[in-house]
Amino acid sequence: MFDTLCTYPLASDLFAQALHPSEPIIALGLATGHVSLHRLPPSSSSSESPPKNGCGTIDTAWRTRRHKGGSCRALTFSPDGTSLFSAGVDGVVKVAETETGWVGGKIAVPLYKGTTDPPTLLSTPHPSSLLLATESGALHVYDLRLSPSPNTTTSSSTPTPTPSPFPTHSYPSLHADLITSLSPLPPNNSQILTTGAATITITDLRHHKIVITSEDQDEELLSSTICASAGKAVVGGERGVLRVWDVGAWNDEERVLDLGTGGGDGGCACCCACRGGSRGRGMCAAGCDDGVVRFVDVDAVVNGKGRKGKGMRTLGEVRHDEVEGVVGLGWLRDGRLVSGGGAVVKIWEEAGGRQSYSDDEDEDEGEDGDEGMKSINGGLGSDDEEDGQDGEAAEVDDSDEEEGEKPKKRGKKKKKKRGKGKKGQVGNGIMAFKGLT
């Protein structure tokens, strides 16, 4: 179904990954606080010139220890792909130029009860907005329409979007536990679907209100994605079950598909991603804690009869890793799939258009395979100097690294008390999703 084009080793465990909205570029955030940017060769179906001899090279544009207080927890590109936002357990969000890694601004994550509230997710649903989700279950909204500070310099003529120093709006305790996923809803991304603990919430950013909150789902909800071509919202949980709704029809009964993981350890649907464009139709990939990526035909639900599980079917699976679970998953615009987990990132292409990639390990292998790769901006030094100050460029880091923390095993936390109030209703009086038990 899908062939592995490349297995790319990392120096430490992957915590976050982000895919460029229009180009074959991926950003990686590691347990050690390092952030790196990598450019992939054109796909076999691309109109660009194919790699020589059918082989391509993954080029490392830049790599730096962006968050020195701990792991990099979240990454996201701006809608036009010119800027990269990162958030770390150090409680700092930084925005950098995608091409060079030049840091143009930073903000502090709001405290929770006087202490650092570690970030979990970042998203830019609009060119003017940055969303920040945290472990306390809060969602913060920042305004990106502010001009760069007068004493902030950039390496290009395009100003780096600078977040407002404080949230323009916050939704405290949107969920009873950390926010595990965040998906903007079509057509205009003004509403956001979030999951956390065992509930799903739809929030209207334009009108600053919670539209609807689900009943307790009796399992930790870990992931979500929107299949725009099929008009579906897909939510994954710790038992390896996908729930699917028609976007906007939240009171309708959901369709449910068991991914066949058997539940328990390894059963978590830790991340989900729907393939875009006409080629994707309703294909959804679900990355699981057992190291397997499973593919589901969500579009079949449209033609089903509306009963639970009717019309939904699995299309196949591929294995990312024998030991580590999948923590990052996404589709590039050219149809290639990127999976990440443990200390490995893999690139997949649909069978039939296969080409091989090289990370130049045979020529000059570095600590994590970065030595010998071509650098897009070149001339980058060591990472011994302090990074993250405004106006400072990213640097290639060849220094020895600490192992860093391990990604949390989501879905294994102790359940918090839930279920207060009448069934089908939440504390604010908003009716909950119909049929969710």
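Values quoted throughout were computed directly from the atomic coordinates according to the rules given, and no laboratory measurement underlies them. Please read these numbers as outputs of a predicted model, since none were measured by experiment. Glycine gets a Cβ as well: all are built from the backbone with ideal geometry, and neighbour counts include every protein chain shown.
So, counting K/R as plus one and D/E as minus one, what does the shell of residues with Cβ under 14 Å around L111 add up to? Combined, the nearby Lys, Arg, Asp and Glu give -2. Estimated at 0.36 nm per residue, the fully extended path between D218 and N188 surpasses their Cα-Cα distance by 7.7 nm. Using θ = phi - 60° in the Karplus curve 6.51 cos²θ - 1.76 cosθ + 1.60, the 3J(HN,Hα) couplings for the stretch 283-292 round to 6, 10, 9, 10, x, 10, 6, 8, x, 9 Hz; x is entered for Gly and Pro. The 3J(HN,Hα) values that the Karplus relation (6.51, -1.76, 1.60; θ = phi - 60°) gives for the stretch 99-113 are, in residue order, 5, 10, x, 5, 7, x, x, 7, 9, 8, 5, x, 6, 10, 6 Hz. Gly and Pro appear as x. For the stretch 229-250, the residues whose backbone nitrogen is under 16 Å from a point 7 Å from the Cα of H207, taken along Cα to Cβ, are 248-250. Amide H contacts under 5 Å for W62: L37, restricted to partners 5 or more places along the chain or on a different chain, H placed in the peptide plane at 1.01 Å from N. Subtracting the Cα-Cα distance of T7 and K113 from 0.36 nm times their residue separation leaves 33.9 nm of extension gain. Can you give the local net charge around I192? Use residues other than it whose beta-carbon is closer than 11 angstrom to its beta-carbon, Lys and Arg +1, Asp and Glu -1. For residues surrounding I192, the net value is 0.
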